[in-house]
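The values are calculated or read from the model by the stated rules, or taken from the named source; none is laboratory data. Computed from a predicted structure; not experimentally measured. Every residue, glycine as well, gets a Cβ built from its backbone with ideal geometry; the counts of neighbours run over all protein chains shown.
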Amino acid sequence: MGLHRVLEPTGVLPQAALRLDASPEIGPDEVRVGVERLNLDAASFRQLRTAHGGDGDAVRAAVLEIVGTRGKMQNPVTGSGGMLVGTVQEVGAESPLGLAPGDRVATLVSLTLTPLAVTDGLASWDGRSEQVPARGHAILFARSIVAVLPDDLPVPLALAVMDVCGAPALTHRVVAARPGASVAVLGAAGKSGSLALAAARRAGASRLVGLVPTAAEEERLRAAGLAGEVVRADARDPVAVAAAVGDPVDVTVVCVDVPGCEHGAILSTAPGGTVVFFSMATSFPAAALGAEGLAADVTMLIGNGYVPGHASMALDLLRNEPGVRASFTARTGGDSAQ
């Protein structure tokens, strides 16, 4: 679990630690990966970009400061991190991950618990995108989750999908358990949102509502054909969200990367329904107390990013749903970048 990498405070797991030991020497059940690219999670990148007024140099300096100070990439404001792509350099004799030196992999565990050192000063990153070309190393534990990169997809595309692959897998599980469920996805034009829509349709949803904040995203989502209804509202405005969704749905999936979207999701969900929160910007006290204050009989789930088979499902949706592929290639700059 990486307890021996925790520098402070003692007695906590790596995700809760203030600092990790990112030294390159590995233990018998560890793996060292040479870093090629980081993918910052959407909530973290938005917060950094907003805090620094869109100044890419300042954002780059902030990320370097976080990694250098903490030995991992964990935004101190959002508490979130992201994941990475790299090449396996060394494998401990007792590692259960089934990796070999030279394997090109994507980590499916958060950067918030992954020991990380950056050695190139992020010189190839302009600080203006979630994907960060980088050089350095990261350490994986016996309990880490990792996937060998597929040969048929460009690295930026595969990385973008694997970063949010928990969302479609859990959405599919929840919707499949309620045959004919109606579903609304808030933040539907984003990475996790588009995958959640495709997964809900595959699971048999009878009604699919995609909510977006702008005319441009509305146009893009309509073109993708992933939702039966595309509506527009600020997800932070509960009354506007409920009005846009219309008849309350059985399942609401929150994929918005800004805080303050809990109450709109609750208002949009029918009694006895389920709200799935995938956003790292979610305030869980606000969600719990908001549901209580609204006398809302809803089940609220935290999307923890792991469901067995989640990477395979997300990649299958990318390969077989043209709307998903179009949405992701638009974000990553095309289908050819390596």
Legend entry - Residues located in the range 176-227, provided they are closer than 21 Å to ALA160 by Cα, touching a strand residue (DSSP E or B) at 6+ places or on another chain (Cβ under 6 Å), touching a residue at least 60 places away in the same chain (Cβ under 8 Å) and outside any helix (DSSP H, G or I): VAL185, LEU186, ALA188, ALA189
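So that you can scan it fast, the table gives a plain yes or no per residue for (1) touching a Cys at 6+ places or on another chain (Cβ under 9 Å); (2) modelled with pLDDT under 90:
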residue	(1), (2)
CYS255	no, no
GLY260	no, no
GLY264	no, no
THR299	no, no
ALA311	yes, yes
ASP316	no, no
ARG319	no, no
ALA330	no, yes
Inset, instruction - Considering only the range 310-321, state which residues are more than 14 Å from CYS165 (Cα to Cα) and in contact (Cβ under 8 Å) with a residue 60 or more places away in the chain. - result: GLU321
Legend entry - Scope the range 21-41; condition over 22 Å from the mean Cα position of the chain (by Cα) and of a type in the set (A, V, I, L, M, F, W, C); matching residues: ALA22, ILE26, VAL31
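Would you call ALA244 in contact (Cβ under 8 Å) with a residue 40 or more places away in the chain, among the small types (Gly, Ala, Ser) and surrounded by 18 or more Cβ atoms within 10 Å (Cβ to Cβ)?
No: the conditions fail for ALA244.
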Legend entry - Cβ-Cβ under 7 Å pairs, at least 6 apart or on other chains, the range 271-285 side farther than 16 Å from VAL185 by Cβ, far side buried (at least 21 other Cβ atoms within 10 Å of the Cβ) and of a type in the set (A, V, I, L, M, F, W, C): MET280/ALA43
Inset, instruction - Could you please find all residues in the range 163-200 being crowded, with 24+ Cβ neighbours inside 10 Å, within 30 Å of ALA93 (Cα to Cα) and not acidic (Asp, Glu)? - result: CYS165
Inset, instruction - Please specify each residue of the range 232-261 satisfying the condition of being within 25 Å of ALA176 (Cβ to Cβ) and of a type in the set (Asp, Glu). - result: ASP247, ASP250
Inset, instruction - Could you check, for the range 130-143, whether at least one of its residues is in contact with a Pro (Cβ under 6 Å, 6 or more places away or on another chain), over 22 Å from ASP316 (Cα atoms), surrounded by 20 or more Cβ atoms within 10 Å (Cβ to Cβ) and at pLDDT 90 or above? - result: yes
Inset, instruction - May I ask you to list the residues in the range 249-277 that are buried (at least 21 other Cβ atoms within 10 Å of the Cβ), assigned to a loop (DSSP other than H, G, I, E, B) and of a type outside the set (A, V, I, L, M, F, W, C)? - result: ASP257, SER268
Legend entry - Within the range 1-21, considering residues that are small (Gly, Ala, Ser) and part of a loop (DSSP other than H, G, I, E, B), the one nearest to ASP126 (Cα to Cα): ALA17
Inset, instruction - Might you check whether a residue that is over 25 Å from VAL254 (Cβ atoms), without any contact (Cβ under 8 Å) to a residue 12 or more places away in the chain and not in a loop (DSSP other than H, G, I, E, B) occurs anywhere in the range 22-36? - result: no
